[in-house]
Each structure stands twice: as C-alpha cells, then as structure tokens.
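A quick write-up on the structure given underneath.
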Amino acid sequence: MNGSKITKATPHVTQNEDLLFERSRRGRIGYRLPALDVEPTPIDEIVPAELRRDDDLEGVPELSEVDVVRHFTRLSTWNYAVDHGMYPLGSCTMKYNSRLNEKVARIAGFANLHPLAPAEEAQGALEVLYELQQHLAEITGLPGVSLQPAAGAHGEMTGVMLIRAYLDARDGKGHGRDVMLVPDSAHGTNPASANLSGFRVKTVRTTPEGLTDLDQLRELCATGDVAGLMLTNPNTLGLFERNIREICHIVHEAGGLVYMDGANMNALVGWARPGDMGVDVIHLNLHKTFSTPHGGGGPGSGPCCCTAALEPFLPVPRIVREGEAFKLDYDRPQSIGRVRAFYGNFGMAVRALAYILTHGPDGMREATEAAVLNARYIAQALASDYEKPYQAPPMHEVVFTDKRQARKGVHTLDIAKRLIDYGFHPPTIYFPLIVQGAMLIEPTESVGREELDQFVAAMRAIAREAEEEPETVRNAPHTTRIGRLDEAAAARRPVLRWKPTAKAESA
Amino acid sequence: MRYIPNSPEERAEMLRAIGLDSAEQLFDSIPRDLLLTAPLRTPAALSEPEIIVRFEQLAARNAAARRPSFLGAGAYAHYAPTIIDHLISRAEFFTAYTPYQPEVSQGTLQAVFEFQTLVCQLTGMDVANASMYDGSTALAEAVLMAERLTGRSRVVISEAVHPEYFEVVHTYVQHAGIELARAAIDPHSGRTSTADLATVDDRTAAFVVQSPNFFGCIEELSKLADLVHQKGAMLIVAVTESASFGLLRPPGDCGADIVVAEGQSFGVPLSFGGPYVGLFATREKFVRQMPGRLVGVAHDKHGRRGFVLTLATREQHIRREKATSNICTNEGLIALAATIYMATMGRRGLQEVAHQCAQKAAYAARQIASLDGFSLPYSAPRFNEFVVRAPVRADELLKQLATERNITGGLPLSRYFADRPNDFLVCVTELNTRAEIDALVAGLKQLAVATVAA
C-alpha cells in the first residue's frame, strides 16, 4: 500500500450519478448506423439552409454505449419498485407486473405493426382489441367498450363526454343539465375531467360513516340541472357504497347518469359488476386492476365501458367483428369523436388480455379475494396503534390517520418517510382530502402474510418511536442517498432543465 | 394462482385471525343481490406455454408487421438501440409508480429531468413537461392552454395537420366554447398558405401548424410566426416525426409559443399505435399554464442535489376542477425510452438519423418522380415523407404491391381524403435500404403499367 493513507471513503459514483449532460465528453459515440447506401444529394437541394438547424445540437450529450447503460442502471437503483416489495399506495393498485405479459407484448408481430397498416393485414391485433373489449364488458357488466383512452383521467373525460352527448341527443341541446356531482372524497381527476367536458362541478358530502350523503344527493338532484354523478366504488375510503342502487336510482330519477371511477375495481372483479348496480359508464385502469406496469408514471390505459344506450356515442373507430373478420368502424354518427390518434395504448391491451387469460374467471375472483383479505388484515392489525376514522370494514384499501401521533408532533409525512427506513414504500398520504392526515393503504393481492406482518411491525415500531423518540421520525428518512428535499424552495425558484454553466460553455 | 403469494391455507388462517369464517364474509358490505352467483364468462385460465402460443398465433396474423414498409403519417419505423429495451425492462423503472416520494424515486425523477432538458434542446424551447399521452392529445392540450393564456376563443388549424390530430383537438374543445377554423394549403407548394392569413384575426387564440406537415412539406415557421404574432395570437407547432429535429430548424428558433410532438420516433416500437409519448414544450413565461407534471431541482438539508415533482399547484390533485389539465398518469416509461434513445444516439446520431432519412427520401422521391405517369404534386422542401400522385387508384395499387411484391408502399390518402383517390404518402427512414426503395420503385412501375393496360 506504499504508505498511502485510506481516508474516509467518499460515496461511489453509483450514489452520485451526474446528469447525462454533465457526463458528456466531446467525441464519444454510442451508436452505429449502416453507411448511407444511396448517392447523396447536396443537402442544400433537399432542405435549404434557412430551414435547417445551425446549432450542431450543442449541449446534446455525447456518450458511449457503456456510459448510457451505467448511467441508467445506476439511476434505476435509486427507485423503490413493486419488485422490491410491498408498495401500498392507496387507490393505485401496485400489484405484480407479470414478465409473461411483457414478453407477449414484445412479440415482433405486435411490436412492429404500424397502426395504419390495412385492417386485413392487422387481424391479430384487432382480435386482441376485440377480445379484450368482450372480456371487459363481461367483467363490468357494461357491453359498450372503447380501449382508446390512454389513461384513467382520459377514460374519465371520455365517459363524461358520453354522458354529455347522450343527454344532448335525448333532451336536445340547451337542456341546461350542466352540473356534474362529485363526492368530496373523489380523486382530483374527476372534477378536472368534468370541467374539461364543460360541466360545473358540485360537491357531494361524505357521511360520518364514510358513505355518500343520500340526503344531500337528493337535494342536489332536485334542482333539475344535474347531468350526472361521478362515483368511485368502493370509494377512496375503501368502503363499498352499499346504497349504490339507491344512489343510481336518485340520479336516474333526476334525469342524470351515473359515472363510476373504476380505479378501485380491484375490490370487485369476479364478485360484483358495476353494470348490475345501475352504473351507466365506467373507466377501468388497465395499469391498476389488470396489472399493466405503472412505468414510473405511465403508460396507462383507461378503457371506457358503458350501457347499450351510451354505446353509440363511444369514440371512433370502434373495433367490430363481421363474421370471421375484425374491422375498424368509423360510421358512428353520434360518436363524441376521437380522443387519441390511432386506437389507444395497444401494448397495454396485449398485457391486460394476457392477465385475464392467465387468471381465468377463478383466478380473477381469487385475486380480488386475496386483495381484500390483505387490506382487512392490515386494518385490523393497525387499529391498536393508529386512528382509524371509519369503523366499517374496508374492502381492498384502508385509511388511517396520524391523529394519535400528531400529539407528539409526528405527522403523516414523517410516518411515511420513516417507513422508507424500514424498507417499505409509503402509502398514499393526505388523500382523500376529507381525512386529516390520511394514510391510505392498499396492499393488493401481491403481498404474502410475512410481508404484511413486517409492514405492521414497522408501522407499530414507528408509532412507538413517535412516543419515545419523535425526532427520529421527524427527520426521516435516514437511510436514503438524499434526505428530505426542500420542495417549497424548488417551487419558488423552479429549475426545470439543465443548462450549461458559463465555465462549461467556454471550455 | 401463481401471482398470489398466500396459499389457500394461509388465507384461511388469515381469515380466522381477523375473526371471519369464509372469504364470502369479506364482501358482506356488498348487498347480497349484487354479488355474482356464477363465474365470469371469460375463458378458463391458460398456462404460460399456452399463453405464449396463443399470442404468437395472434401476432402471426399481422402480416403487415413482417414486410418492408414505407408507412409513416404519425408513426415511424426507426432503429432502436438494443439497450433501450433492456434498460426500461429493469424492474426498478417499469414497476415503480409516479415519483410521489422523491427519496425513493430519484432514478425516475432524474431521468424525467433529463427528458425535459433534451426536449427543450431539440425543440428550442425553454421548458418541457414530463410527457403527455401522445402527440395528438398534446396538441389538444396546447390548444386549451392557448385559450387560457390569450382569453380568446378561436383557433385556426392548418389543413396540413394530421387528420387524426385535428379530430382529437375537435373532441377536446367541443365543450370548451372554442371555435375551430381551418387554414388552407397552397396546392402547389403543399405548405400552409401564408399568402393570406386573414383566417387569423384578433379573436384568434392560436394558429396550429404541423412541420413537416402531414404531406411531408416543411413549413415556413418563421414567416407564420410573424403573421400570427401580428394578430396577438400564439403559434402552436406540432411535429409528428421527431427524427426531423436532428436536421430542421427548431420551432423555438422560429418563434413558436408552444411546441408539441409525438416522440415515438425516439426508440419506441410501432406497437399498432401505442403506447407512444407526447412531448410538450413552451416559453418560460407560460410555465404556470402548462398541463402535466414537471420535475425540478431541489436540495436536501445537506445541500445535496435531488429532483422533485414541482409546480403541482397547476395540477388536478391540488386544484381539482380549476387545474390546467385533468392529466395524471402520463407516459413515464416511454419518456424514459425516448431519453435513453436521445442519449445513446446523442449529438451525432440524432443528426445522422435525420440526414439519412432526408437523403433516402430524396433518392426515393427522385426515382418515383421519374416513373411514367407518377408525379410529386408538392414543391416545398421535405424531410422524409412525400405525396405521390399515381396514374391509378392508390389503394388498389398499394394492395397489389403488398400481395404481389410483399412491400407496404405507403398510405393511400383516400383513407382521410375521399377526393384524393390516386395520391399516397410515402415515408422513408434510415431503416429502408436502397434495395427496398428500388423494389418499391420497380413494383410501382410495373403494377401501374399493368393496371393502366388492364
């Protein structure tokens, strides 16, 4: 060791990976293309100089293939993911993403298929879409299905537009039904989607039992201007709206329609169907209930399923079957129109179909049962240490609060960050908005009993720490490569892109 | 079911632990008459080998996926470096959620920050968001954003914008009180006509143009920007072929106020139309009216740099019906794929891809134009797509080309324009070899002669 002193080790680059732009070194190359095999035309004859860029892409990284692989591999190690363990984000349904589904979505006959290929030469892809539509119709009890929406909120917008188009056709334009009712426990996307579709949003209260307030719903429906209700069921407190028939009846009697947010469909598949409850239209999240991966924020897929009465209004093109052939049907004069180019996130449809075929009806029912059981198990196990604001037994997710810990100055955010030290991703926090200090826990079916027990033990340990050493919790996490980030400062002076420093520019 | 860790015996124990006798009791809060009494009528469960066979069989029925193709029009076959699929297949990326907890999501967050930066660099804009669903929905959101920013309610859209993009915009704005008008194309150049932009008036929020446009022609963006800005309106530029950024003057340098693009060209499989990724960029002063998520730099108490979701007060989970958009889930993993593509191709590769596309398209165009009876109706400079006017019906010609020559020769424009039976759109990328181009040209020549003779 020729006498050199080993000082305190500095973190390896894997814990301090620079940006692509900072790693860039002039002259590095990460690709190789075949040589141009046609006689080149002088570029000025193809595109005159004034239409060409003149910056030589200054600032765009120059990296070798090895640099790129190491960069993104290192970044990946900073993420928590479903494959690490329980990821109990409430209303997000972070279940296992099967590798088989990934494999089949990548089959060349799907991956290399252009969306504008003639339909007769894309029959396999159209059959995938058609078959998935059929299965989603069966699962929801709603026969009209469009796979075009690209995510849940997109499906909501589509569904609410269907309601609008249906009412316009039924009552004539100028019917004055411009109010969309949204419970105060709803996802923020619901009111945003209603607004995008030209509706005014009115809020429906939740009762102390955690269910939609029927009396207020009746009052709101008595005004004659209600177009519909957007209801999540089970709701975001994890409770099944047991008055769902009555709710649908009230809205229907008032001339409106019922839209169901299907984000929580993982509590129902194989056990109960929205179509049987009186719901008119629902969106599903293939990236929740049907296990297509969340990808760090997408892609999703938000199919819209509706009654036969709403079916004529679904986006075009529809995927239809004529004899043995599958076709794109554009001849739908009452359609709300397209909501996306082409046919939606086809790759997600392949994965969801593989999920449905892998599970079969029994497997889907079993998955639902296991998901609800896991949530119920946690609901019971944590009730001794955390405040459970709603007493009814939950379905697939359960809400607790920080009420007891807050007395020691430990809040939901602190508990969430401390869970990271115990090796878990935190639950959904501060949602639903109506529950102060909410922690919404959805384990899904993809967690075994021993891991549930570990999670419960971690939560109990944190409750104990909140009593005995609250500072430990308040300063968590202690084990991550960075500590809590100052989000307020980040928003005050937003830095949303890398820019070369003066020094780098002159170099 | 192999995806469910707990065995039936373990579940039975857990049921007992919470004081229940049967799984049915878990569903007691659902009224009895709403509970299904029979199994769902979906197919019985298949094993893994059976699933693979089933999907291989379905995929085999997509004949178009297996032959040389000159289809573009919003979806493009480009080379995708092998490492992209390997890296996005890391479970840490693809099985993570939206990065709500930054301490355990820095990988996703830093990658999104890099994506935002690359999008800014290519488009020539100040800020870009974390992605939209695709190019078409990004355009619809841009139109809504322009309406919010200007307080005006009329939007003029070039007739050379992708027809499906126009349809999506129409769907999005139909209840927003926005009036849509069209701007004609010049029949000789194939560009949006700048001779008379009277369609843009002082009630106009935005003018929407695509470049290269749907017919492959490169628009005169600077000129359009001047004309549009004179009326106090915004210029929205849509790009469906992002490979063009490697060669063409960025819209930001030409005066665009909002730039949207389809990022599929950046290493994303065609996959029958999705998932793709929408790029969305604008000027710094408009950032608070932007839709979608944004990642920004933040620091911890030790001064270490990290990344967080920021400016969330624009978004639906905070602002609800007053949000700038309803978007929540976006196209995170596809944005990651595009980021890896841009990093791997890099400064040199992005330019080489663009140059090869332009060169090969120029070669193909020259060859086809020299055929008897065929012509190229538009004179404007083009990138890698161009319209061909055939002496016979294009849809029949292309169908013959597919069945007899095993080449997908392009898109018959009759798919969108009933009055253009003989026109078709050809797209050439770096993946099309000279041999393929020559086969296309030979096929067109012989089949057209045969059809005319018949």
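Just one of the listed residues (B:413, B:447, B:397) is more than 21 Å from the chain's Cα centre (by Cα) and modelled with pLDDT of 95 or more, namely B:397. Scanning the range A:163-183 for residues that are in contact (Cβ under 8 Å) with a residue 60 or more places away in the chain and not hydrophobic (A, V, I, L, M, F, W, C) gives A:164, A:166, A:171, A:177.
Comparison of A:252, A:287 shows that the only residue that is in contact with a His (Cβ under 6 Å, 6 or more places away or on another chain) and assigned by TED's automatic domain parsing to the domain that holds residue A:178 is A:287. The set of residues in the range B:324-352 that are part of a loop (DSSP other than H, G, I, E, B) and surrounded by fewer than 24 Cβ atoms within 10 Å (Cβ to Cβ) contains only B:324. Could you tell me whether residue A:160 is outside any loop (DSSP other than H, G, I, E, B) and either without any contact (Cβ under 8 Å) to a residue 60 or more places away in the chain or touching a Pro at 6+ places or on another chain (Cβ under 7 Å) (or both)? The answer is no for residue A:160. Here residue B:128 fits the description: facing chain A (nearest Cβ under 9 Å) and farther than 13 Å from residue B:257 by Cβ.
Considered as a group, the residues in the range B:90-117 that are more than 7 Å from chain A (Cβ to nearest Cβ) and either outside any helix (DSSP H, G or I) or within 19 Å of the chain's Cα centre (by Cα) (or both) include one that is surrounded by the fewest Cβ atoms within 10 Å (Cβ to Cβ), and that residue is B:100. Within the range A:254-264, one or more residues are buried (at least 24 other Cβ atoms within 10 Å of the Cβ), at pLDDT 95 or above and under 24 Å from residue B:273 (Cβ atoms). The criterion of being among the polar types (S, T, N, Q) and surrounded by fewer than 21 Cβ atoms within 10 Å (Cβ to Cβ) does not hold for residue B:204.
Listed here are the residues, each with its yes/no results for (1) within 39 Å of the chain's Cα centre (by Cα); (2) buried (at least 18 other Cβ atoms within 10 Å of the Cβ); (3) not basic (Lys, Arg).
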| residue | (1), (2), (3) |
| --- | --- |
| A:49 | no, no, yes |
| A:58 | yes, no, yes |
| A:72 | yes, yes, yes |
| A:76 | yes, yes, yes |
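Return the residues of the range A:209-224 that are in a helix (DSSP H, G or I), surrounded by fewer than 17 Cβ atoms within 10 Å (Cβ to Cβ) and in contact (Cβ under 8 Å) with a residue 24 or more places away in the chain; say none if nothing qualifies. Correct list: A:214, A:218.
The listed residues are A:340, A:376, and the only one of them that is of a type outside the set (Phe, Trp, Tyr), at the interface with another protein chain (Cβ under 8 Å from one of its Cβ atoms) and farther than 27 Å from residue B:275 by Cα turns out to be A:376. Give the residues of the range B:319-337 that are free of Cβ contacts under 8 Å to residues at least 24 places away in the same chain, facing chain A (nearest Cβ under 7 Å) and either more than 19 Å from residue B:134 (Cα to Cα) or in contact with a Phe, Trp or Tyr (Cβ under 8 Å, 6 or more places away or on another chain) (or both), sorted by residue number. Selection gives B:320, B:321, B:323. For the range A:402-415, check the following and say yes or no: at least one residue is at positive phi and touching a Pro at 6+ places or on another chain (Cβ under 7 Å). Yes. Summed over the range B:197-217, the residues that are at pLDDT 95 or above, over 26 Å from residue B:414 (Cβ atoms) and in a loop (DSSP other than H, G, I, E, B) give a count of 1.
When residue B:403 is tested against (1) farther than 30 Å from residue A:149 by Cβ; (2) at the interface with chain A (Cβ under 10 Å from one of its Cβ atoms); (3) crowded, with 24+ Cβ neighbours inside 10 Å; (4) among the β-branched types (Val, Ile, Thr), only condition (3) is not met. Looking at the range A:49-79, which of its residues are facing another protein chain (nearest Cβ under 7 Å), in contact (Cβ under 8 Å) with a residue 60 or more places away in the chain and touching a Gly at 6+ places or on another chain (Cβ under 9 Å)? Within the range A:49-79, A:77, A:78, A:79 qualify. Put simply, of A:428, A:401 the only residue that is touching a Gly at 6+ places or on another chain (Cβ under 6 Å) and more than 9 Å from chain B (Cβ to nearest Cβ) is A:401.
Residues of the range A:424-462 that are surrounded by fewer than 20 Cβ atoms within 10 Å (Cβ to Cβ) and either aliphatic (A, V, I, L, M) or modelled with pLDDT under 95 (or both): A:433, A:434, A:456, A:457, A:458, A:461.
Cβ contacts < 8 Å: first residue over 15 Å from residue A:456 (Cβ atoms), restricted to the range A:381-397; second residue assigned to a strand (DSSP E or B), any location; separation 6+ or different chain. Result? Taking only residues 6 or more apart or on different chains, the pairs are A:387/A:400; A:387/A:401; A:389/A:399; A:389/A:400; A:389/A:401; A:390/A:399; A:397/A:440; A:397/A:441. Taking the condition touching a Leu at 6+ places or on another chain (Cβ under 7 Å), over 24 Å from residue B:144 (Cβ atoms), assigned by TED's automatic domain parsing to the domain that holds residue B:165 and modelled with pLDDT of 95 or more, does residue B:248 pass? Yes, satisfied. Taking the stated definitions as given, is residue A:465 more than 29 Å from the chain's Cα centre (by Cα) and more than 10 Å from chain B (Cβ to nearest Cβ)? In short, yes. Search the range B:299-314 for residues being part of a loop (DSSP other than H, G, I, E, B) and within 8 Å of chain A (Cβ to nearest Cβ), and hand back the single one that is farthest from residue A:482 (Cα to Cα). Restricting to residues being part of a loop (DSSP other than H, G, I, E, B) and within 8 Å of chain A (Cβ to nearest Cβ), the top hit is B:311. A single member of B:77, B:45, B:63 is facing another protein chain (nearest Cβ under 8 Å) and surrounded by fewer than 20 Cβ atoms within 10 Å (Cβ to Cβ), and it is B:45. Go through the residues of the range A:141-157 one by one and say whether even a single one is assigned to a helix (DSSP H, G or I), at pLDDT 95 or above and more than 10 Å from chain B (Cβ to nearest Cβ). Yes: the range A:141-157 contains one or more residues that are assigned to a helix (DSSP H, G or I), at pLDDT 95 or above and more than 10 Å from chain B (Cβ to nearest Cβ). With respect to the conditions (1) under 19 Å from the mean Cα position of the chain (by Cα); (2) more than 9 Å from every other protein chain (Cβ to nearest Cβ), residue B:144 lacks only one, and its number is (2). Residue count for the range B:132-141 under the criterion of being at the interface with another protein chain (Cβ under 7 Å from one of its Cβ atoms) and either of a type in the set (A, V, I, L, M) or not in a helix (DSSP H, G or I) (or both): the result is 2. Condition first: over 28 Å from residue B:412 (Cα atoms), at the interface with chain B (Cβ under 8 Å from one of its Cβ atoms) and touching a Pro at 6+ places or on another chain (Cβ under 8 Å). Can you find one or more residues in the range A:34-45 that meet it? Within the range A:34-45 (the criterion being over 28 Å from residue B:412 (Cα atoms), at the interface with chain B (Cβ under 8 Å from one of its Cβ atoms) and touching a Pro at 6+ places or on another chain (Cβ under 8 Å)), the answer is no, since none of the residues qualifies.
The values are calculated or read from the model by the stated rules, or taken from the named source; none is laboratory data. Please read all numbers here as calculations on a predicted model, not as lab measurements. FYI the Cβ positions are ideal-geometry reconstructions off the backbone, even for glycines, and counts take in every protein chain you see.
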